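Working notes, beginning with the structure itself.
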Amino acid sequence: MANGNGNRGAPLIDVDDISKHFGSVIALSGVSMKVNAGEVMCLLGDNGAGKSTLIKTLSGVHKPSAGEIRVEGRRVDFDSPRDALDAGIATVYQDLAMIPLMSITRNFFMGREPVTGFGPFRRFDVASADRVAKEEMHKIGIDVRDPGQAVGTLSGGERQCVAIARAVYFGAKVLILDEPTSALGVKQASMVLRYIAQARARNLGVIFITHNVHHAFPVGDAFTMLNRGRTLGTFRKEETTREEILEMMSGGKELADLDAELAEFARADDSPRARAQASPAAS
Amino acid sequence: MATQAARADERIAQQPWFRKAMGRPELGAVAGAILVFLFFAIAAGGTGMFSALGIVNFLEVSAQLGIIAVAACMLMIAGEFDLSIGSMIGAAGVIIAIPAVTWGWPLWLCILLAFAVACLVGYVNGLIVIRTGLPSFIVTLAGLFILRGLTIGFTRLITGRTQVSGLSPAIEADWLAPLFAGEVGYPLFKAMAGAGLIIARPDGEPLVSGIPMSIVWWLVLTAVCAWILLRTRVGNWIFASGGDPVAARNVGVPVTRVKISLFMFTACAATLYACVQVVDQGSADVLRGSLKEFEAIIAAVIGGTLLTGGYGSVIGASFGALIFGTVQMGIFYTGVNTDWFKVFLGVMLLIAVIFNNYIRRKATSSR
C-alpha cells in the first residue's frame, strides 16, 4: 500500500541541527538525525533527555527555534499536527491514541470518516468503515469479532496496534511511536514489536522511542542517543552491541555504582539492624 | 484457519444477546419507560390517562422536555453542560413577546430574532468555555443567572411588568406561528372518531383533533439527532470530542467548532421550546423555564448519557423525557399528591447514574 516512491537519495526524514527553547529552558540544542524508508530508528535517552520535545517538534506540536526538518529532501514547516500528518508523519502517543468508549471502527476512522451520499444526506459510510477496520485488524493478526465493540475491551497491546494500523492505513510514511511498549507485558510488547517489523517491511520509516533496550535492539536498525537535549550520536546496529547500547542508555557508571551498592546491601543482610537501615534506601 | 474460526465462534458464544443489549446506552430508559407504562396501566387504568386525550396530554409534556433533553444530550456527549437552557427559555419568550406586543413587529420576525439571540448566547457560552478551559458547568451556571437577570431587568424596563400577554392577535395573523402550535393529522383523528375508536364530541368532531406540533418537533428532532450522531462524520466528532478532546484534536477533529455548535444548538432548542409555549399560550413570563436545564440533564442521564461525556444516546434521552412526562401526568391522574414526583425523580436519577456507571465500567474493562 503505502510504498515509499523513489528518491532513494534523500532520507525520508532528515532532522538537521534542531534547537528548541522554552523561555530560558533549552530543551533541544543541535539535534540531528536521519531516518530512511524501511528502517527502524530507535530514539533512546533518559527522562528529560529531550525525546518528547523532539517528537513533538517532528509531529508539528512545537515549532523548532532553530534548524530545519526535511521530508524526502524538501524543507517543511509544520504549523499544526495536521500539517505533519499531511506530510506523512504520523505520531502514535502512548496513552492518547484511542478513546475507550468508542468502537474500533469509530476510533480507526476518527477525523477521517469515509462518507457516502450527497448534500444533506452525506453520511458516515459505516458498512465500508466496519469492513476496512476488520480487514486491517486481520492483517495485523488481531481477529475482532465485531468492529463495533468498544476499544476499551481490547488489551493494551491491541490498542497500540489499532493506533499504528490506523496511521499506516492513512498513508503515513514515517511512524513515530512514543513508548508503545512501556506499559505492556512481555506477550503484548512482542505483538507490538512484530507489528513494527511489519511496518518496516512495508518500507515505512519508524522512529521508535523506548526505555527498554530489549525491545529496541531486536527491531532497531539504528540507535540515536539523546542526552540533556543533545545527540550523543547515531549508531548502526552492525556497529554496536546490546550491552553497549544499554550502557549508553542508562549511563554505564551509574549502573556499575548501583551494582556495587546492591552488593553492599546483600552483605549487610546478615545483621538485622543493618537490614533495617538499608531497606529505605533500597526502595 | 480452522482453529481461528473455532476461536471466533467460541468468543461469539461468550457474548449472549442480553450482554449485547446491555451495551446499548438507551436500554435503561427503554426498560424504565415500559415499567412506568405497566405501572400506570394498572394504577391509573380507569382514570382516562390512556384515552386519546390523556395520551396527548402526557406526550405533550414529554415532548416539550424532550426537545431540550435531546439537545442537552448531544452537548453532554460532546463533554459539556449547558445550565443556561432554562434561562434561555425565559429570555427567548420575552424576546418574542415584547417586540410583537410593544412595538407591533410581525411575529415571524420576533421568532427569527429570538433564534438569532439564541445563536449568539450559545456562541458566547461555547467560546468562553473553550477559551478559558473552565468547566462548562460553572461558565453556564454564571450564564443561568446573567441571562435570567437580563431577562427580568429588560422586561421590567420596557414593559414595567414581568409578564407579557396579549399576543393572541399577532399569533392568529402570523404565517410562521402554526409551525409551533398547530396540530397535524386532523383527517385521521376525524376518521377515527367517526369509526368510534376515539371519543367524539356531540357534534361529531373528535375530542382530540390532531397531534400537537410540539410532539412532531420532538420526534423529528430525536430522529435527526440520532441520525447525525450515529450515521454522520459530525456524529463521530461529537463522540470523539467528549471522549477525549486531546486525542480527537490530534487526529484532526475540529473539537472547538463541534462544541461551540452544540452550545448554539442547545440555546436554539431552548428557543424552540419557548416558541411552542408562547404561541400556545399567547403570553410570555420572565420566569418561564426555571429548572428546565436540570430536567433536561436528568432526562439525558436516565437515557444512558454519561456525565463525563463521550457516550450516550438521544433516543435514550427521548425515552428519559417520556418517563418524565408519563410519571408527572400519571401522578396527577392517580390522584397522588404531586409532591411525591420530586422524590421519584431523585430516586430515578440516582438509579440511572449508578446503572450508567456500571455500564461504563463494563465497556472499558479490558478482557
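The values are calculated or read from the model by the stated rules, or taken from the named source; none is laboratory data. The shown structure was predicted, so the numbers you read here are calculated from the model rather than taken from an experiment. FYI the Cβ positions are ideal-geometry reconstructions off the backbone, even for glycines, and counts take in every protein chain you see.
Results for (1) loosely packed, with under 14 Cβ neighbours inside 10 Å; (2) β-branched (Val, Ile, Thr); (3) touching a strand residue (DSSP E or B) at 6+ places or on another chain (Cβ under 8 Å); (4) modelled with pLDDT of 85 or more, shown as yes or no for each residue.
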| position | (1), (2), (3), (4) |
| --- | --- |
| B:ARG148 | no, no, no, yes |
| B:LEU176 | no, no, no, yes |
| B:PRO202 | yes, no, no, no |
| B:VAL216 | no, yes, yes, yes |
| B:VAL224 | yes, yes, no, yes |
| B:LEU229 | no, no, no, yes |
Positions within segment A:140-162 being basic (Lys, Arg) and modelled with pLDDT under 80, in sequence order:
A:ARG145
A:VAL126 is checked against (1) within 14 Å of chain B (Cβ to nearest Cβ); (2) in contact (Cβ under 8 Å) with a residue 24 or more places away in the chain and fails just one. What number does that condition carry?
(2)
Can you name the residue in segment B:245-264 that is within 13 Å of chain A (Cβ to nearest Cβ) and hydrophobic (A, V, I, L, M, F, W, C) and is also nearest to B:ASP82 (Cα to Cα) among such residues?
B:VAL258
Test for B:ILE67: is it in contact with a strand residue (DSSP E or B) (Cβ under 9 Å, 6 or more places away or on another chain), of a type outside the set (Asp, Glu), assigned to a helix (DSSP H, G or I) and within 17 Å of B:VAL276 (Cα to Cα)
no
Any pair with Cβ under 8 angstrom, 6 or more apart, that starts in segment B:94-119 at a residue that is closer than 21 Å to B:ARG161 by Cα and ends at one that is charged (D, E, K, R) and in a helix (DSSP H, G or I)
none
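Give the residue that is nearest to A:LEU43 (Cα to Cα), with candidates limited to residues of segment A:184-196 that are under 13 Å from the mean Cα position of the chain (by Cα) and in contact (Cβ under 8 Å) with a residue 40 or more places away in the chain.
Restricting attention to segment A:184-196, the residues satisfying the condition of being under 13 Å from the mean Cα position of the chain (by Cα) are A:189, A:192-193, A:195-196.
Checking which are in contact (Cβ under 8 Å) with a residue 40 or more places away in the chain leaves us with A:195-196.
On the way: A:TYR195: 18, A:ILE196: 14 Å.
Ranking the qualifying residues of segment A:184-196, first place goes to A:ILE196.
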Any hit, segment A:41-63, residues being surrounded by fewer than 24 Cβ atoms within 10 Å (Cβ to Cβ) and over 18 Å from the mean Cα position of the chain (by Cα)
yes
What are the pairs with Cβ atoms under 7 angstrom where one residue, in segment B:336-347, is in contact (Cβ under 8 Å) with a residue 12 or more places away in the chain and the other, located anywhere, is in a helix (DSSP H, G or I) and among the β-branched types (Val, Ile, Thr)? Sequence gap at least six, or different chains.
B:PHE341/B:VAL327; B:PHE341/B:ILE331; B:PHE344/B:VAL327; B:LEU345/B:ILE298
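May I ask you to say which residue of A:GLY152, A:GLY157 is within 30 Å of A:HIS211 (Cβ to Cβ) and in contact with a Pro (Cβ under 8 Å, 6 or more places away or on another chain)?
Answer to the check: A:GLY152.
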Please give the number of the condition A:MET98 fails out of (1) touching a residue at least 60 places away in the same chain (Cβ under 8 Å); (2) touching a Ser or Thr at 6+ places or on another chain (Cβ under 9 Å); (3) within 14 Å of chain B (Cβ to nearest Cβ).
(2)
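Suppose we keep only residues that are of a type outside the set (A, V, I, L, M) and within 23 Å of B:PRO25 (Cα to Cα) within segment A:146-158. Which one would you say is farthest from the other protein chains (Cβ to nearest Cβ)?
Start the filter on segment A:146-158 by keeping residues that are of a type outside the set (A, V, I, L, M), which leaves A:146-149, A:152-153, A:155-158.
The next check asks that each one be within 23 Å of B:PRO25 (Cα to Cα); those that pass are A:146-149, A:152-153, A:155.
Working: A:ASP146: 8, A:PRO147: 13, A:GLY148: 9, A:GLN149: 8, A:GLY152: 3, A:THR153: 6, A:SER155: 5 Å.
Checking each candidate, the answer is A:PRO147.
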